[in-house]
Amino acid sequence: MRYISSTNSAIRRFKKKRSSDLVKEPSTITLRASQRMTLRECPRKYYYSNVAGLRSLTPSIEQRAFSFGTAMHKVLEGFYKLPNDRRTLKYLTSKWRSVSRDLDDEHKELGLGMVRGYYDWVSVMDSGRFITISSEKRLGMKVKTPIGDVQFSGQMDSLWLEKQTGKLYIIDHKTYTNFPSDHFFNNNPQMYSYLLLLQKNGLTASGFIFNILRKVSHVEPAVNKDGSLSIRNANVSEKSFVETAERCGIDLADPRYAEFLDKIRQFPAYKRVEQEIIVSKLKQAERELQVEATALLNFYKFGFYSVPGDHCAYCSFKHLCDVQSSGGNVRETIEKNYSVSGTLLETEL
Ligand code: SF4
């Protein structure tokens, strides 16, 4: 009981903090939780994207996917800020229409179908299990290294409180074409960095939840001319299929429908991956963060090297990287092909 009440007061204090209160000591070099995967994968890509702030003037597939993911995040952020009884399908669809204005028609349609299916899924999945404590709050801390300090910050998508247990969960919304393997989630540095940030700011969490939306556009179940339900398109939600069957007086015990429902369940469009916090992993995450912060300071000093690999196929900076590796004119290539919102380092030109 004491534990619960002290947690509640910590939650109240946390909720009162504004994002701007939390990053107190600005440092010249910063690292964000969401950028750590890129830094690990290829330091040069990290430089192009996060230090120089380059954006291709002709958006690449990677940038279009990023814009789509950002728009979907905005919808989910707004949705989970609302009290449970105001989380409606109407909200989701109108919010999607307003945040997707700059996307192409294909992505607009895809997102609309996704939020429709998500509503069906989540209204069964959640049914009031969680309360949202915060959304998109930026937290900061200083990471001390032997060669200097790095200002580390991160913005959790959400922090949810499980009503029955009083446990807090750090939430990350993800959109993917296909669900990644469990290995990916077990080795994602982002979530433990959020936990470190949360602990620095007076709270702790019991687990992580990846809330994953697969890029599948949902359709309404189609009714055939003879009154049966179409089982040709599996991109229908289980909820809407069952409701349509009930409305049409269709018996779902029919083996064809039972098989179809099994198929929908086996290839879901939405998924939650829940993970408990493992203390040894938290300690490891703290060490890894310090190593990455040290490496980042060294990259600023000695240059951001490239790590070529399969991932280059999706890199928005492939052309620029080739020019730089072959000793070509980097400055001219940037001027012709990219907008710049950050700092171009002399060592990289
Ligand atoms: S093309 Fe490959 S090596 Fe070059 S910046 Fe991109 S990911 Fe790194």
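Observations, loosely collected:
- Residue within the range 28-42 that is over 18 Å from the mean Cα position of the chain (by Cα), touching a residue at least 12 places away in the same chain (Cβ under 8 Å), under 30 Å from THR145 (Cα atoms) and within 16 Å of the ligand (Cβ to nearest atom) present: yes
- ALA285 touching a strand residue (DSSP E or B) at 6+ places or on another chain (Cβ under 6 Å) and closer than 26 Å to LYS144 by Cβ: no
- Qualifying residue in the range 215-228 (condition: part of a strand (DSSP E or B) and buried (at least 18 other Cβ atoms within 10 Å of the Cβ)): no
- Restricting the range 278-294 to residues that are touching a helix residue (DSSP H, G or I) at 6+ places or on another chain (Cβ under 7 Å) and of a type outside the set (D, E, K, R), the residue that is nearest to the ligand (Cβ to nearest atom) is LEU289.
- Residue ID - nearest to the ligand (Cβ to nearest atom), chosen from residues in the range 295-337 that are touching a Ser or Thr at 6+ places or on another chain (Cβ under 6 Å) and not in a helix (DSSP H, G or I): SER316
- In the set (1) surrounded by 17 or more Cβ atoms within 10 Å (Cβ to Cβ); (2) under 24 Å from the mean Cα position of the chain (by Cα); (3) not basic (Lys, Arg), the condition left unmet by GLN199 is number (1).
- When the range 68-110 is limited to residues that are of a type in the set (S, T, N, Q) and surrounded by 15 or more Cβ atoms within 10 Å (Cβ to Cβ), the one that is nearest to the chain's Cα centre (by Cα) turns out to be SER100.
- Matching entry among GLY166, GLY117, GLY128, GLY113 (being in a loop (DSSP other than H, G, I, E, B), touching a residue at least 40 places away in the same chain (Cβ under 8 Å), under 28 Å from GLU243 (Cβ atoms) and more than 16 Å from the chain's Cα centre (by Cα)): GLY128
- Test result for ALA52, touching a Gly at 6+ places or on another chain (Cβ under 7 Å), away from the ligand (no atom under 16 Å from the Cβ) and either hydroxyl-bearing (Ser, Thr, Tyr) or assigned by TED's automatic domain parsing to the domain that holds HIS319 (or both): no
- Sub-9 Å Cβ pairs linking a first residue in the range 305-320 that is in the same structural domain as GLU62 (by TED's automatic domain parsing) to a second residue that is within 8 Å of the ligand (Cβ to nearest atom) and acidic (Asp, Glu), at least 6 apart or interchain, are VAL307/GLU41; GLY309/GLU41; HIS311/GLU41, ordered by first then second residue.
- Evaluation of GLU274 against (1) surrounded by fewer than 15 Cβ atoms within 10 Å (Cβ to Cβ); (2) touching a residue at least 12 places away in the same chain (Cβ under 8 Å); (3) touching a Gly at 6+ places or on another chain (Cβ under 9 Å); (4) over 26 Å from THR175 (Cβ atoms) (one fails), failing number: (4)
The values are calculated or read from the model by the stated rules, or taken from the named source; none is laboratory data. Since we're looking at a predicted model, the values are computed, not measured. Note that each Cβ is placed from the backbone with ideal geometry, even for glycine, and that neighbours are counted across all protein chains shown.
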